Amino acid sequence: MGTARYIARRLIFSACLILGVSVILFAMINAIGNPIEILLAERPGMTDEVIESVSRYYGLDGSVTDRYFTWLWAILRFDFGTSIIYNQPVSEMLVTYGLETLKIQIPAILIALVVSVLISVMAATRQYSRLDFGVIAGAMLGHSLPGFFIGILLILVFSYWLGILPSYGAYSTRNMLMNSTLIDGLWHMVLPVGMLVFFNTATLTLLMRSSLVEVLRQDFITAARASGLPERRVVFGHALRNAFIPVLTYLGILFGVMLGTAPVTETVFTWPGLGALYIMAIQQLDYPLIMGETMIITFMLVGATLLTDIAYVAIDPRIRLA
Amino acid sequence: MLSTLASAADPTPMAAPKPLIEVQDLKVHFFTRDGVVRAVDGVDYGVNPGETLGIVGESGSGKTVSSLAMLRLVPPPARTVGGRILFEGEDLLTRTPKQMAALRGRRIAMIFQNPATSLNPIYSIGAQLSEILVWHEKASRRQAEERVAELLNLVGITDPLTRLRQFPHELSGGMKQRVGIARALLCNPALVLADEPTTALDVTIQAQILELLADLQARFHMSMVLVTHDMGVVARMANRITVMYAGRVCETADAATIFSAPQHPYTRALLESMPRIDQSYSRGARQKLPTIAGRPPNLLNPPAGCRFHDRCPEAIADCRRILPVETAIAPGHTVSCIRRGSPGIAA
């Protein structure tokens with residue numbers, strides 16, 4: 001009961017957040033100026049009738065509030081209008097490109113999570129050993145290096161020198177690897193996912209190791225050992241689950257960071273995802289696309305935060321009181 | 001015929017009972033960046049079956065560390081570097097980690113000082129207690145929960161079936177400590193190590209918990225090591241008392257003797273510094289509460305000779321030079337002080 005109410009509250013909060021973002025976004029886009037004027041600047045000598053009909057076509061003839069509610073009602077029906085540059089429904093583009101982005105981001109976070117748990121357990125159970133210091137140093141380095149640097153390094157080694165992995169795109173343009181779309185797709189994912197895993201693992205390991213070291217010092221860990229439980233149970237059953245609580249908070253944030261840096265990631269690997277699309281939309285002032293992108297990224301972020309909030313309840317019984 | 005044989009095989013019927021656990025010359029050192037801290041430096045004590053040994057000393061005297069050493073759980077950077085711990089005749093320090101784990105919680109259990117931090121916050125009471133039974137006794141989850149409920153009832157927790165589903169944060173401090181006690185008793189251990197089991201509790205709850213411990217100990221014929229800095233607690237609970245100071249044992253005797261005829265100057269000073277209910281210590285009162293001047297020594301660099309010499313009212317020149325060795329001055333009463341006739345090791 002308490003849990004259901006908690007989730008309901010988080011849901012309402014998330015909806016308000018998205019609504020707030022939509023207001024700010026709409027206001028900012030309006031502040032840039034009237035897109036019709038920008039369009040006309042490239043084509044001088046238009047008559048007033050033409051201007052009026054173009055305005056009506058793009059729905060730019062009403063007051064700001066009218067236009068906001070028209071837009072809001074449309075996006076609630078998952079209609080983001082038509083891209084000015086690509087002349088395609090923005091909603092379709094968001095789905096296609098969004099899936100490409102998630103295709104590299106989600107596996108990267110999951111793989112990084114597993115790898116960093118294993119590394120953190122090894123390091124934290126041997127605190128202040130050479131291995132532990134090595135892990136800290138490595139994680140610091142990985143955390144400090146910019147992602148694109150690792151990406152370029154990976155391309156240099158695996159694509160340029162060794163020539164075994166593709167350096168750009170999500171699929172081969174001509175011959176699919178082993179004539180299979182699936183295998184070819186996976187083959188193209190290796191480098192971008194690898195770069196993201198590298199960065200995520202470094203960050204998560206730093207966090208998880210210190211959290212685990214902290215938990216392993218707690219009385220209830222000594223108590224679990226004093227009860228004769230095997231070390232495996234003590235570390236994975238008792239310590240790790242507690243150590244995971246602060247990491248969980250960060251997972252939601254990390255997903256945001258990953259979306260925020262997606263333009264860089266996708267530029268390095270010429271990946272047809274939301275990040276690359278965002279850059280193009282902004283460069284070409286494709287209003288519907290910019291607005292659609294911003295809303296969908298907000299939606300993903302709020303969704304990720306909501307998921308972590310719910311995961312909290314599953315992992316930490318104390319939250320239910322809050 | 002048989003009876004004469006038996007008595008012939010047992011020439012000393014009056015001999016002291018064989019201790020359940022015997023700590024001999026135990027040394028636990030902390031290997032820190034600044035050097036080696038000799039937290040426990042040659043400690044001897046034993047616990048007989050069914051008895052309570054109170055270990056008294058101030059913070060840092062090595063009482064908690066020596067009890068953790070009995071479970072081989074001294075935390076890094078500490079290591080047990082010497083001595084023997086004979087449990088039922090076998091040296092625990094030579095056991096494999098696996099053999100040791102099988103003893104923990106089953107034959108030797110521990111009750112922790114702070115009930116708020118010694119229960120895992122994210123598991124229900126039932127889950128964390130029955131896990132131990134499932135592990136040690138290969139019980140089914142169901143059987144284990146039944147036994148846990150039984151024990152919770154025994155330690156005075158009402159409505160144990162509801163408590164099983166609750167989490168530590170839903171219980172009061174005293175209740176949590178009862179759960180901690182139930183956890184220690186799950187497998188019917190021969191020895192319970194209670195590390196300041198009442199320090200973190202309200203005074204009223206303290207009395208209840210002590211009563212419970214005494215009651216359960218008698219009921220299950222357990223031996224108990226009660227580590228505390230509270231003379232009142234040992235006076236009430238212990239059959240015998242070991243007084244520790246700066247990683248060494250000062251004096252061991254039965255409880256009555258410690259209180260009526262303490263021999264070691266430190267024991268005497270400790271007892272004198274206990275406030276008495278029939279005395280006023282308020283400002284302007286005739287008598288102030290006696291204290292022990294000075295501070296406990298830094299164990300990174302312990303003083304030569306007796307560790308207590310610079311705070312001892314009876315110290316003589318030799319005390320600075322000679323490390324006293326515990327010796328019996330009466331049956332069951334050992335003291336380590338050269339002023340009481342203990343032999344010593346010259347520095």
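Key figures
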read-out	value
Selection from the range A:248-294 of residues that are outside any helix (DSSP H, G or I) and closer than 30 Å to A:Leu212 by Cα	A:Thr261
Members of the range B:78-102 that are without any contact (Cβ under 8 Å) to a residue 24 or more places away in the chain and touching a strand residue (DSSP E or B) at 6+ places or on another chain (Cβ under 6 Å)	B:Asp91, B:Leu92, B:Leu93
Hits in the range B:159-174 (condition: of a type in the set (D, E, K, R) and surrounded by fewer than 20 Cβ atoms within 10 Å (Cβ to Cβ))	B:Asp159, B:Arg165, B:Glu170
Matching residues, the range A:55-65, being surrounded by 12 or more Cβ atoms within 10 Å (Cβ to Cβ) and closer than 18 Å to A:Leu289 by Cβ	A:Tyr58, A:Gly59, A:Leu60
Unique match (being in a loop (DSSP other than H, G, I, E, B) and among the aliphatic types (A, V, I, L, M)) among B:Val74, B:Val23	B:Val74
Residues (polar (S, T, N, Q) and over 22 Å from B:Ile55 (Cα atoms)) located in the range B:150-204	B:Asn153, B:Thr158, B:Thr162, B:Gln166, B:Ser172, B:Asn188, B:Thr204
Matching entry among B:Ala269, B:Ala238, B:Ala246, B:Ala253 (being on the phi > 0 side of the Ramachandran plot and either buried (at least 17 other Cβ atoms within 10 Å of the Cβ) or touching a residue at least 60 places away in the same chain (Cβ under 8 Å) (or both))	B:Ala246
Positions within the range B:217-243 being acidic (Asp, Glu) and over 14 Å from the mean Cα position of the chain (by Cα), in sequence order	none
Single unsatisfied condition, B:Ala139 versus (1) surrounded by 15 or more Cβ atoms within 10 Å (Cβ to Cβ); (2) at pLDDT below 90; (3) assigned to a helix (DSSP H, G or I)	(3)
Conditions (1) among the hydrophobic types (A, V, I, L, M, F, W, C); (2) touching a Phe, Trp or Tyr at 6+ places or on another chain (Cβ under 7 Å); (3) farther than 25 Å from B:Val47 by Cβ: number failed by B:Ala78	(3)
Checklist (1) within 14 Å of chain B (Cβ to nearest Cβ); (2) buried (at least 16 other Cβ atoms within 10 Å of the Cβ); (3) within 24 Å of the chain's Cα centre (by Cα) applied to A:Thr261, failing item	(1)
Qualifying positions in the range A:161-175 - free of Cβ contacts under 8 Å to residues at least 12 places away in the same chain and either in contact with a Lys or Arg (Cβ under 8 Å, 6 or more places away or on another chain) or in a loop (DSSP other than H, G, I, E, B) (or both)	A:Leu162, A:Gly163, A:Ile164, A:Thr173, A:Arg174, A:Asn175
Selection from the range A:222-247 of residues that are within 12 Å of chain B (Cβ to nearest Cβ), of a type in the set (A, V, I, L, M, F, W, C) and farther than 15 Å from A:Arg126 by Cβ	A:Ala223, A:Ala224, A:Ala226, A:Leu229, A:Leu240, A:Ala243, A:Phe244, A:Ile245
Flag for A:Asn200 being outside any helix (DSSP H, G or I) and more than 14 Å from every other protein chain (Cβ to nearest Cβ)	no
Those residues of the range A:97-129 which are in contact (Cβ under 8 Å) with a residue 40 or more places away in the chain and of a type in the set (Ser, Thr, Tyr), in sequence order	A:Tyr97, A:Thr101, A:Ser116, A:Ser120, A:Thr125
Single condition B:Asn153 does not satisfy, out of (1) surrounded by fewer than 17 Cβ atoms within 10 Å (Cβ to Cβ); (2) closer than 24 Å to B:Leu210 by Cβ; (3) at the interface with chain A (Cβ under 9 Å from one of its Cβ atoms)	(3)
Out of A:Phe220, A:Phe158, A:Phe149, sole residue that is touching a Pro at 6+ places or on another chain (Cβ under 8 Å) and without any contact (Cβ under 8 Å) to a residue 60 or more places away in the chain	A:Phe220
Those residues of the range B:319-344 which are assigned to a helix (DSSP H, G or I) and without any contact (Cβ under 8 Å) to a residue 24 or more places away in the chain, in sequence order	B:Cys319, B:Arg320
The listed residue being over 30 Å from B:His136 (Cα atoms) and of a type outside the set (A, V, I, L, M), out of A:Thr222, A:Thr265	A:Thr265
Of the criteria (1) modelled with pLDDT under 90; (2) assigned to a helix (DSSP H, G or I); (3) surrounded by 13 or more Cβ atoms within 10 Å (Cβ to Cβ); (4) among the hydrophobic types (A, V, I, L, M, F, W, C), which one A:Ala41 fails	(3)
Pair list, Cβ < 6 Å and 6+ apart or interchain, from the range A:309-322 residues that are over 11 Å from B:Tyr123 (Cα atoms) to residues that are at pLDDT below 80 and among the aliphatic types (A, V, I, L, M)	A:Tyr312/A:Ile319; A:Val313/A:Ile319
Residue that is surrounded by fewer than 12 Cβ atoms within 10 Å (Cβ to Cβ), in contact with an Asp or Glu (Cβ under 8 Å, 6 or more places away or on another chain) and not aromatic (Phe, Trp, Tyr), where the choices are B:Gly305, B:Gly294	B:Gly294
Filter result for the condition that a residue is touching a residue at least 12 places away in the same chain (Cβ under 8 Å), within 25 Å of A:Thr125 (Cβ to Cβ) and touching a strand residue (DSSP E or B) at 6+ places or on another chain (Cβ under 6 Å), over B:Val43, B:Val56, B:Val23, B:Val74	B:Val74
Pairs where the first residue, in the range A:66-80, is surrounded by fewer than 16 Cβ atoms within 10 Å (Cβ to Cβ) and the second is at pLDDT 90 or above and of a type in the set (D, E, K, R), C-beta under 9 Å, 6+ apart	A:Trp73/A:Asp79
Of all residues making up the range B:106-121, the number that are more than 7 Å from every other protein chain (Cβ to nearest Cβ) and surrounded by fewer than 24 Cβ atoms within 10 Å (Cβ to Cβ)	3
Single match in A:Met208, A:Met189, A:Met140, A:Met178 (criterion: in the same structural domain as A:Phe269 (by TED's automatic domain parsing) and either in contact with a Ser or Thr (Cβ under 7 Å, 6 or more places away or on another chain) or outside any helix (DSSP H, G or I) (or both))	A:Met208
The range B:175-220: number of residues that are part of a helix (DSSP H, G or I) and more than 13 Å from every other protein chain (Cβ to nearest Cβ)	20
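Condition check ((1) out of contact with any Pro (no Cβ under 7 Å at 6 or more places or on another chain); (2) closer than 26 Å to A:Tyr128 by Cβ) across all residues:
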site: A:Arg174; (1), (2): yes, no
site: A:Val193; (1), (2): no, no
site: A:Leu204; (1), (2): yes, yes
site: A:Met208; (1), (2): yes, yes
site: A:Val215; (1), (2): yes, yes
site: A:Glu231; (1), (2): yes, yes
site: A:Ile245; (1), (2): yes, yes
site: A:Val257; (1), (2): yes, no
site: A:Pro272; (1), (2): yes, no
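The values are calculated or read from the model by the stated rules, or taken from the named source; none is laboratory data. Since the model is a prediction, treat every value here as computed from it, not as a measurement. Cβ coordinates were reconstructed from backbone atoms using ideal geometry, including for glycine residues, and neighbour counts include every protein chain displayed.
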